[in-house]
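Heads up: the structure comes next, in structure tokens.
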Amino acid sequence: MAETLPSVRIAPSILSADFARLADEVATVLPAVPMLHVDVMDGHYVPNITIGPPVVKSLRAATDTLLDCHLMIADPRTYAPQFLELGAESVTFHPEVDDDPLSLVHELRERGGLVGVAIKPDHPLAMVEELLPHIDMLLVMTVEPGFGGQSFIAEAVTKAAEAVVWRDQHAAGFRIQVDGGISRDTIAQAVRAGADTFVAGSAIFGQTDRVAAARELEAIALQVRADGEAAT
Ligand code: DX5
Ligand code: ZN
């Protein structure tokens with residue numbers, strides 16, 4: 001285990017919020033979290049269409065919290081810069097859609113963004129290995145991208161553990177985010193695998209008290225981490 005682990009972060013996915021009342025929905029969870037996860041889908045990379053730059057622009061005006069855009073889109077080279085220009089701090093893209101994802105990582109970082117790359121459940125870590133020294137975050141998907149409310153794919157989270165080993169061996173500094181099916185029943189597996197950032201859509205916005213839901217996830221994560229440290 002690394003000497004200093006990245007802090008635990010709960011990242012509510014607004015995909016499970018009521019889009020007609022988005023600013024109010026976001027306000028119900030912000031007291032408990034350091035960031036929002038914004039799922040952008042284009043109907044090409046995934047069979048669903050969600051939201052795009054105008055919504056991020058409105059969110060930016062409504063909150064100062066960190067906006068982390070998960071771009072499930074076929075053309076991040078064209079569109080990712082727009083999300084940074086509109087004020088998102090972080091963009092994550094799926095690198096297999098681009099011919100030269102390393103140059104896109106560099107371009108986005110030169111624009112001042114935090115940059116992540118995502119791997120689908122059936123993609124090996126090796127697919128993104130050359131990018132790992134250059135990114136701020138690795139997103140390990142624990143559902144097939146496209147929809148909220150799916151079941152956690154436990155086998156996929158082993159890639160977080162592989163990434164921790166790689167990060168230690170190479171003295172790299174990227175965060176490890178898990179996304180998909182995270183709940184009070186599954187978050188412990190992701191913590192044990194070494195993830196530090198936990199996206200949760202339905203497990204937070206599906207609850208009446210979103211602050212309590214987010215705080216419960218954070219408390220479980222911190223407890224599992226503490227138990228792990230005590231055992232080493
Ligand atoms: C799925 C999205 C996820 C989704 C998570 O493609 O990337 O961020 O919103 O939703 P839950 O937490 O409900 O699985
Ligand atoms: Zn997502």
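If you average 1/r across every pair of different Cα atoms in region 52-131 and take the reciprocal, what Kirkwood value do you get, in Å? Hydrodynamic radius (Kirkwood, Cα only) of region 52-131 equals 13.0 Å. Database remark: amide H of residue 66 closer than 5 angstrom to the amide H of 36 (H placed geometrically; neighbours at sequence offset of 5 or more, or on other chains; Pro and chain starts carry no H).
For the chain, the 222 nm mean residue ellipticity estimated from helices alone, with every DSSP H stretch of n ≥ 4 adding -39500 (n - 2.57) and the total spread over all residues, rounds to -10500 deg cm²/dmol. Among 94, 44, 134, the sequence by solvent-accessible area, most first, with a 1.4 Å probe is 44, 134, 94. Shown is the FRET efficiency for residue 99 and residue 223, computed with R0 = 45 Å from the Cβ-Cβ distance and rounded to the nearest 0.05: 0.55. Rounded to the nearest 5, the antiparallel percentage of DSSP beta bridges internal to the chain is 5%. Cα centroids of region 78-135 and region 167-232: 22 Å apart. With every protein chain in place and a 1.4 angstrom probe, the accessible-area ranking of 208, 197, largest first, reads 208, 197.
Average projection, convex hull of the Cα set of the chain: 11.5 square nanometres. Share of region 9-231's accessible area from carbon and sulfur, percent, 1.4 Å? Here it works out to 50 percent. The residues of the chain expose, per residue, 43 Å² of accessible area to a 1.4 Å probe.
Please work out whether region 1-76 counts as rounded, prolate or oblate from its C-alpha gyration tensor, where a ≥ b ≥ c are the square roots of the eigenvalues and a/c under 1.5 means rounded, while otherwise a/b larger than b/c means prolate and anything else oblate?
Here region 1-76 falls in the oblate category.
How large is log10 of I(q)/I(0) for region 1-127 at q = 0.23 Å⁻¹ when the intensity is taken from the Debye formula with one equal scatterer per alpha-carbon? Here log10 of I(q) over I(0) equals -1.45. The relative contact order of region 1-72, computed from alpha carbon pairs under 8 Å that lie at least 6 residues apart in sequence, is 32 percent.
A 1.4 Å probe, protein heavy atoms only, puts the accessible area of residue 103 near 40 Å². Looking at the calculated P(r) for region 82-179, what percent of the C-alpha pair distances fall above 17 Å? Above the 17 Å cut-off, region 82-179 has 50 percent of its Cα pairs.
The values are calculated or read from the model by the stated rules, or taken from the named source; none is laboratory data. Given the structure is predicted, the values throughout are model-derived calculations rather than measurements. Please note: Cβ atoms are built from the backbone with ideal geometry, for glycine as well, and neighbour counts cover all protein chains shown. For the accessible areas, the whole protein counts, side chains as well, though only heavy atoms, and no ligand, DNA or RNA atoms are used. Shrake-Rupley method; radii C 1.70, N 1.55, O 1.52, S 1.80 Å.
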